[in-house]
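Below: one structure, written as structure tokens.
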Amino acid sequence: MAEFISSYGLLLAENTVDTLYMSLLSTAFSYILGLPMGVLLYTTKEGQILENRHFNAVFGWVINIVRSFPFIILIITVMPLTRLVIGKAIGPTAAIFPLTIGAAPFVARMVESSLEEIDKGVIEACQCMGAAPMTIIRVLLSESKPSIIRGLSITSITLIGYSAIAGAVGAGGLGDIAIRYGYHRRIESVMWVSVILIIIIVCILQTVFDLLARKSDKRNIL
Amino acid sequence: MIKIKNLSKTFTQNGNAVNALKNISIDIGKGEIFGIIGMSGAGKSTLLRCLRALEKPTAGEILLNGVSLTGAKNGRLTEIRRSMGVVFQGYNLLMQRTVYRNIAFPLQISGVSPEETRQRVNQLLKVVDMEDKKDVYPSQLSGGQKQRVAIARALATNPRILLCDEPTSALDPLTTRQVLALLKEINSKLGVTIIIITHEINVVKNICSQVAVISDGEIAETGAVKDVFTHPSSPVTKSLIEWQV
């Protein structure tokens with residue numbers, strides 16, 4: 001046990017930090033990009049407040065195309081762009097860029113479905129009060145806040161999984177060492193500890209976001 | 001106050017023309033409680049959407065105090081919409097906002113100062129008798145209470161007209177009576193003209209002074225409630241009376 005910690009403790013600690021760093025930052029950036037995308041996707045639909053069928057169709061396709069890329073291919077495809085934006089294409093910081101690009105369209109669809117859950121009558125009521133589209137969008141976002149927070153937990157946990165794939169381009173992280181040490185070098189103890197650490201992170205994220213979602217939801221209080 | 005002149009609305013559905021409204025003419029006087037009754041599919045909702053300027057009629061026009069709704073431009077349209085409060089069958093309250101903030105919402109979006117908003121909301125809470133519920137969320141209220149909040153919200157910007165779309169259709173008989181009593185009180189105390197769309201004959205009998213019976217997109221019969229229901233001339237009115245004892 002002591003031997004294990006002295007040989008691999010630092011490695012596991014560093015990579016835990018890398019995993020958190022990559023997945024949390026890319027979650028944040030993918031929402032900065034994906035939230036407005038999702039709002040646009042929803043509001044430009046037929047019969048919606050900013051209806052624009054052509055834009056909606058084209059935009060929907062673009063999102064589907066990016067979502068269809070297997071993540072490893074996406075990382076390689078956007079590499080030149082990663083170098084341009086981040087300055088390098090290797091390492092945890094560099095991985096945040098493809099992770100964000102990969103997750104933003106996913107986030108857009110999640111936000112879209114959160115907005116779909118809201119009763120259309122609410123929009124109608126806002127229109128009757130003469131609310132401007134921006135006001136209606138603010139109302140929609142605040143009405144769907146609990147659902148959006150739940151989406152946030154799904155996204156962040158999905159990105160932990162994706163970050164393991166980013167290990168293939170030297171991004172590091174727990175998923176990466178589980179593959180390199182555990183699978184390739186057959187050091188099973190490192191593999192299992194990595195997996196357990198990932199499980200702990202996932203459980204903590206899920207619990208925290210569930211709590212936040214429940215606290216923000218005013219629909220079920222009695 | 002509201003003059004509907006030869007209003008027609010035709011939709012195209014799967015290539016077929018559907019005449020939702022045919023040559024509707026109604027005069028609604030100031031301070032009246034006017035009932036529009038009909039079975040489902042008669043065209044009530046389409047008429048209401050036209051009144052709220054959400055739908056453009058195919059022919060005819062709607063005059064609000066002599067000004068045409070149909071020709072209004074965007075800025076003017078917002079103004080017209082704000083001059084009418086709307087109460088919905090499904091309440092359409094914001095579920096993540098308290099009662100207080102629901103009623104304050106239309107005031108906020110029309111740029112009323114916070115101090116004035118506070119006064120107005122408190123006054124409205126008193127009108128609908130919901131002062132003790134101002135900090136609770138809609139999910140904590142009963143149907144009747146939700147509708148009272150919705151009525152307060154609809155009245156917030158001091159509209160001269162209140163459009164009620166099946167306001168009691170989701171409520172039990174006792175709550176229905178309470179909500180109708182509230183509407184009657186608002187009509188007599190604040191002088192607000194009320195238009196009620198419904199399929200329940202008892203609602204019309206209870207509080208309306210005038211009524212228009214719609215069937216198949218046309219007006220079957222219109223006049224004072226006591227005349228129409230004591231001497232029904234159209235088959236639709238007769239069956240409405242028979243069906244709902």
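General observations
Quick grid of which residues meet (1) under 29 Å from A:Ile198 (Cα atoms); (2) within 14 Å of chain B (Cβ to nearest Cβ); (3) assigned to a helix (DSSP H, G or I); (4) modelled with pLDDT of 95 or more:
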| residue | (1), (2), (3), (4) |
| --- | --- |
| A:Met37 | no, no, yes, yes |
| A:Leu41 | no, no, yes, yes |
| A:Ile49 | no, yes, no, no |
| A:Phe55 | no, no, yes, yes |
| A:Leu74 | yes, no, yes, no |
| A:Ala89 | yes, no, no, no |
| A:Ile101 | yes, no, yes, yes |
| A:Phe106 | yes, no, yes, yes |
| A:Met110 | yes, no, yes, yes |
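Residues are listed down the side, and each one gets a yes or a no for (1) more than 22 Å from A:Met37 (Cβ to Cβ); (2) β-branched (Val, Ile, Thr):
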position	(1), (2)
A:Glu143	no, no
A:Thr158	no, yes
A:Gly182	yes, no
A:Arg186	yes, no
A:Ser194	yes, no
A:Thr207	yes, yes
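- One residue stands out in the range A:3-34 among those that are without any contact (Cβ under 8 Å) to a residue 40 or more places away in the chain and more than 24 Å from A:Arg150 (Cα to Cα): the one that is surrounded by the fewest Cβ atoms within 10 Å (Cβ to Cβ), namely A:Glu3.
- Qualifying residue in the range A:130-151 (condition: within 25 Å of the chain's Cα centre (by Cα), away from chain B (no Cβ under 14 Å) and either buried (at least 18 other Cβ atoms within 10 Å of the Cβ) or not acidic (Asp, Glu) (or both)): yes
- Flag for B:Thr70 being facing chain A (nearest Cβ under 8 Å) and among the polar types (S, T, N, Q): no
- Residue match in the range B:23-45 (condition: under 28 Å from B:Glu221 (Cα atoms), within 14 Å of another protein chain (Cβ to nearest Cβ) and surrounded by 15 or more Cβ atoms within 10 Å (Cβ to Cβ)): yes
- Any pair with Cβ under 8 angstrom, 6 or more apart, that starts in the range B:64-86 at a residue that is acidic (Asp, Glu) and ends at one that is in a loop (DSSP other than H, G, I, E, B): B:Glu79/A:Gly130
- Residue count for the range A:164-222 under the criterion of being away from chain B (no Cβ under 14 Å) and of a type in the set (Lys, Arg): the result is 3.
- When the residues of the range B:54-92 are filtered to those that are of a type in the set (Ser, Thr, Tyr) and modelled with pLDDT under 90, the one that is farthest from A:Ile123 (Cα to Cα) is B:Ser68.
The values are calculated or read from the model by the stated rules, or taken from the named source; none is laboratory data. All of these numbers come straight from a predicted model, not from anything done at the bench. No Cβ is skipped: glycine too gets one built from the backbone with ideal geometry, and neighbour counts run over all protein chains shown.
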